[in-house]
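Remarks on the structure that follows.
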Amino acid sequence: MAAGGRAELEAAAAGPAALVLQLEQEWDPEGFTPEDHAALAGPWQWFDGVVKAALEHGPDGMVDDDLAYVREWGFDAADAGRTPVLIAHGGKDRVVPYTHGEWLGRSVPGADVRVFPEDGHISVLTRAEALLDWLVGASRGV
């Protein structure tokens, strides 16, 4: 995990006010792997616009995400296993370690967990087409 991501989660554990202060710090590009940066410069370059739009009115969404890493969710993850669940994670992810995806996979009965060893936090999105094929097949009971 990159130092910036670790600091963010430590701030989340300290509470929302500490987290907001941490999020005001300069973004650490080391949080992304070279593969992530390549994806953002190539086929996923449009994603930066989505992130900027999401943050336009403040960091509330990021705050909610980070707090979810360190707090109870208000439901049992096992309940998500009532429908097909696919968890895809990059093995080199520096933002959210792949071990979190593996933990989530163990927590959701029947989840299909796929860790892509050479992918990071963003570059795993380059697999979206194949993962969407899984979703279509799962929704049809295939």
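The values are calculated or read from the model by the stated rules, or taken from the named source; none is laboratory data. Being a predicted model, the structure only gives us computed values, none of them experimental. Please note: Cβ atoms are built from the backbone with ideal geometry, for glycine as well, and neighbour counts cover all protein chains shown.
Within the range 1-19, count every residue that is surrounded by fewer than 17 Cβ atoms within 10 Å (Cβ to Cβ) and either of a type in the set (Ser, Thr, Tyr) or free of Cβ contacts under 8 Å to residues at least 60 places away in the same chain (or both).
Residues in the range 1-19 being surrounded by fewer than 17 Cβ atoms within 10 Å (Cβ to Cβ) and either of a type in the set (Ser, Thr, Tyr) or free of Cβ contacts under 8 Å to residues at least 60 places away in the same chain (or both): 10 in total.
Can you tell me which residue in the range 31-66 is nearest to Ala13 (Cα to Cα), limited to those that are in contact with a Leu (Cβ under 7 Å, 6 or more places away or on another chain) and surrounded by 13 or more Cβ atoms within 10 Å (Cβ to Cβ)? Can you show your working first?
Looking only at the range 31-66, we keep the residues that are in contact with a Leu (Cβ under 7 Å, 6 or more places away or on another chain), and these are 39, 44, 47-48, 59, 62-63, 66.
Now drop any that are not surrounded by 13 or more Cβ atoms within 10 Å (Cβ to Cβ), which leaves 39, 44, 47, 59, 62-63, 66.
Working: Ala39: 30, Trp44: 31, Phe47: 28, Pro59: 17, Met62: 14, Val63: 11, Asp66: 9 Å.
Ranking the candidates gives Asp66 first.
Within the range 64-86, is there a residue that is at pLDDT below 95 and touching a strand residue (DSSP E or B) at 6+ places or on another chain (Cβ under 6 Å)?
Among the residues of the range 64-86, at least one is at pLDDT below 95 and touching a strand residue (DSSP E or B) at 6+ places or on another chain (Cβ under 6 Å), which makes the answer yes.
Within the range 76-84, is even one residue within 23 Å of Glu10 (Cα to Cα) and in contact (Cβ under 8 Å) with a residue 12 or more places away in the chain?
At the first step, the residues of the range 76-84 found to be within 23 Å of Glu10 (Cα to Cα) are 77.
From the residues that got through so far, the ones that are in contact (Cβ under 8 Å) with a residue 12 or more places away in the chain too are 77.
Looking for residues that are within 23 Å of Glu10 (Cα to Cα) and in contact (Cβ under 8 Å) with a residue 12 or more places away in the chain, one finds at least one in the range 76-84, hence yes.
Looking at (1) over 20 Å from Glu8 (Cα atoms); (2) more than 13 Å from the chain's Cα centre (by Cα), which is the one condition that is false for Val124?
Tallying (1) over 20 Å from Glu8 (Cα atoms); (2) more than 13 Å from the chain's Cα centre (by Cα), Val124 fails exactly one: (2).
Just one of (1) crowded, with 17+ Cβ neighbours inside 10 Å; (2) touching a His at 6+ places or on another chain (Cβ under 9 Å) trips up His100, so point out which.
(1)
List the helices (runs of 4 or more DSSP H) that sit entirely inside the range 1-109 and contain at least 1 residues that are in contact with a Lys or Arg (Cβ under 8 Å, 6 or more places away or on another chain) and of a type in the set (Asp, Glu).
So the answer is 34-41.
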